[in-house]
Amino acid sequence: RSVYDGEEHSRFMEKLEARIRNHDREIEKMCNFHYQGFVDSITELLKVRGEAQKLKNQVTDTNRKLQNEGKELIIAMEELKQCRLQQRNISATVDKLTLCLPVLEMYSKLREQMKSKRHYPALKTLEHLEHTYLPQVSHYRFCKIMVDNIPKLREEIKEVSMSDLKDFLESIRKHSDKIGETAMKQAQQQRNLDNIVSQHPRISGGKKSKKEVCASSDLEVKNTSPMSEQDSGILDVEDEDEDEEVPGAQDLVDFSPVYRCLHIYSVLGARETFESYYRKQRRKQARLVLQPPSNMHETLDGYRKYFNQIVGFFVVEDHILHTTQGLVNRAYIDELWEMALSKTIAALRTHSSYCSDPSLVLDLKNLIVLFADTLQGYGFPVNQLFDMLLEIQDQYSETLLKKWTGVFRNILDSDNYSPIPVTNEEVYKKIVGQFPFQDAELEKQPFPKKFPFSEFVPKVYNQIKEFIYACLKFSEDLHLSSTEVDDMIRKSTNLLLTRTLSNCLQNVIKRKNVGLTELVQIIINTTHLEKSCKFLEEFITNITNVLPETVHTTKLYGTTTFKDARHAAEEEIYTNLNQKIDQFLQLADYDWMAMEPGSRASDYLVDLIGFLRSTFAVFTHLPGDVDVHSTMSGKVAQTACMSACKHLSTSLMQLLLEAEVRQLTLGALQQFNLDVEECERKMQS
């Protein structure tokens, strides 16, 4: 830099050239000094080059020979290399396949399980596949496809299991009838066994077979049944092989679709959705089951099918309640039962009101009791059903009263209203066995002889007892106390006496074609029926075991009924006599202008007196005991005679005071006086 700055460049170059020349001279000196050595070296190199050429030729030849000899080795080495590569690839492939094959096997197993509709195991397999196997081989493309397909498989399992559930719900809807029928048979068998145990607490000789038990039960029912008419057959178990157990709901229905679907939805985290769907569908089915057919009241089978469906529904729900964890709970069951109870009671009230056959009402009552007992056995409260049966009891009484109205009418219409003749001891004892009658004087009389009453007395008495039996039949199995049963029977019997029988007797008495003899016989009959009321009281006491002296015991009003009928018959006698007198008086033809009276009483009056004498002879020659004679001749005959005389005197006075009679002769008055004297003389005699 100092050279350029001091402008000494040329000088510097000169110095540099001089120095180069010095160095060249020194190099030349040195080369000259070593030139011989250089020449020797070149000579040596030339010699070496010749040897090197020989060596090169030898190496080239050796290399050529080596190449020729190593070609096979190279080929073998290449083959070995390729083999080693393939071996590594195979080993890697085996390792990868070892990881992939379980995935493929699980997927195949999943498909097989879904194909065979084993949805819950398929879901478990899917869980293992997703969380255990697929993560190990997730980088493969087919695994990614499987991962993407897993949600679709889950949804498919849900849909298929839900389809199975829908099929199950449809199946139990169709088979509720059979399930309920089976449950009610079981309840009936249990009740029969309970009855046998209660009646025979100590049974010797070991246990009975079910067939023997049922036979014993049937025998007990036949022997203890008080009704002589048709009995209710609703409680009879159908003729089957009694040695076999009646299957339960779990035997008739395969509940596995519900359990599978519940487990599947639980695993998938959709349990609440499943519970909501199940309960909603069952509520809909409950409403359908509780809808009675419009013609249910026509036959007992209609009621039976209706009850079977309801029982079948709740038997299934009870089974689901006890075999699943929370699918349904007690609150849900109670809510359904409250709805069912209200709708069932409303339907029974409506349809039972159409029933006019007491036998059907009784069968319906027995069916309702069995229905209630069956559901009570499953823990459902049924007190409202028994309360409703008390309402049906009133309707049953009304249907009985209508039926017995026809029975009494037939008895009264077919009666000949004449004393019952008996020709031998057997007939006499038969009638006395039918009606409580004792008369020492009649027993002493030789055969043939006559009872004082006609045939309708024992028939009516027996029909009253049959009515009491029918009322008692309805009270069975209603869990009523003896006092309540007694009160129910007495009230119904009072209605029978005061309304039904009383109206029938009044209708007979008020008939236009009834004769005086028939009216007198009715008075006799009602007198004996009145006396039999105390025996009816004893009869009711014997079958209910409630003494008449018990507080609040209802008394029978039969005495009043028969007294009223007798008084009506007496009034009808008086009325008929007066009407006959009026008919005779219409024949009176007085000549009020006659100058001389006749030699004897008027013909119409003679005929009238003859009729009255023959009529009163009927009263004074009545058959029967002393009390009846004294009653009829002393009271009815006397009152009838007084009524007839009073009516005759009044009518004769009216003949004189008629407006058409403007003047009278002494002869006409003497004739009239002759008729009056004839009346006085005949009446006194």
If L389 satisfies every condition in (1) in the same structural domain as L501 (by the TED database); (2) open to solvent by less than 30 Å² (accessible area, probe 1.4 Å); (3) hydrophobic (A, V, I, L, M, F, W, C) but one, which is the exception?
(1)
Of all the residues that make up the stretch 439-475, how many are in a helix (DSSP H, G or I) and acidic (D, E)?
3
Please identify the pairs in which a residue from the stretch 411-439 that is farther than 19 Å from L501 by Cα has its Cβ atom under 6 Å from the Cβ atom of a residue that is of a type in the set (A, V, I, L, M), counting only partners at least 6 apart or on another chain.
Y428/V422
Which members of the stretch 375-419 meet the condition of being aromatic (F, W, Y) and under 29 Å from L505 (Cα atoms)?
Y396, W404, F408, Y417
Would you pick out the residues in the stretch 375-404 that are within 22 Å of the chain's Cα centre (by Cα) and polar (S, T, N, Q)?
Q376, N383, Q384, Q393, Q395
Does V328 satisfy being closer than 28 Å to Q189 by Cα and either assigned to a helix (DSSP H, G or I) or not charged (D, E, K, R) (or both)?
no
Is it the case that some residue within the stretch 651-673 is closer than 26 Å to V520 by Cα and either modelled with pLDDT of 80 or more or in contact with a helix residue (DSSP H, G or I) (Cβ under 9 Å, 6 or more places away or on another chain) (or both)?
yes
Only one of these conditions is not met by Q463: (1) open to solvent by less than 10 Å² (accessible area, probe 1.4 Å); (2) closer than 30 Å to L364 by Cβ; (3) out of contact with any Leu (no Cβ under 8 Å at 6 or more places or on another chain). Which number is it?
(1)
I'd like to know if the stretch 415-438 contains one or more residues that are of a type outside the set (D, E), exposed (fewer than 13 other Cβ atoms within 10 Å of the Cβ) and at pLDDT below 85.
yes
Tell me yes or no: at least one residue of the stretch 358-366 is closer than 30 Å to F168 by Cβ and under 14 Å from the mean Cα position of the chain (by Cα).
no
Is it true that some residue in the stretch 274-293 is of a type outside the set (V, I, T) and modelled with pLDDT under 80?
no
Evaluate the stretch 485-494: report whether one residue or more is open to solvent by less than 10 Å² (accessible area, probe 1.4 Å), basic (K, R) and in a helix (DSSP H, G or I).
yes
Could you say which residue among D334, D363, D357 is surrounded by fewer than 19 Cβ atoms within 10 Å (Cβ to Cβ), closer than 20 Å to M488 by Cα, out of contact with any strand residue (DSSP E or B) (no Cβ under 8 Å at 6 or more places or on another chain) and not β-branched (V, I, T)?
D357
How many residues are more than 51 Å from the chain's Cα centre (by Cα) and either within 23 Å of L556 (Cβ to Cβ) or touching a residue at least 24 places away in the same chain (Cβ under 8 Å) (or both) if we restrict to the stretch 440-479?
8
Single match in D301, D318 (criterion: touching a residue at least 60 places away in the same chain (Cβ under 8 Å) and either within 14 Å of the chain's Cα centre (by Cα) or farther than 30 Å from M114 by Cα (or both))
D318
When the stretch 337-354 is checked residue by residue, the ones that are open to solvent by 30 Å² or more (accessible area, probe 1.4 Å) and either at pLDDT below 90 or closer than 15 Å to Y303 by Cβ (or both) are K343, A346, R349, T350, S353, Y354
Of all the residues that make up the stretch 403-414, how many are under 13 Å from A470 (Cα atoms) and open to solvent by 40 Å² or more (accessible area, probe 1.4 Å)?
1
Residues being part of a helix (DSSP H, G or I) and either polar (S, T, N, Q) or within 16 Å of S108 (Cα to Cα) (or both) - total across the stretch 122-143:
15
Can we say V315 is of a type in the set (V, I, T) and either within 25 Å of D251 (Cα to Cα) or touching an Asp or Glu at 6+ places or on another chain (Cβ under 7 Å) (or both)?
yes
Could you tell me whether any residue of the stretch 404-418 is in contact with a helix residue (DSSP H, G or I) (Cβ under 8 Å, 6 or more places away or on another chain) and over 30 Å from K512 (Cα atoms)?
no
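The values are calculated or read from the model by the stated rules, or taken from the named source; none is laboratory data. Bear in mind the structure is a predicted one, so any value in this text is a computation, not a measurement. Here the Cβ is made from the backbone with ideal geometry for all residues, glycine too, and neighbour counts use every protein chain on show. Please note that ligands, DNA and RNA were not included when accessible areas were found on the heavy atoms of the full protein model with its side chains. Shrake-Rupley method; radii C 1.70, N 1.55, O 1.52, S 1.80 Å.
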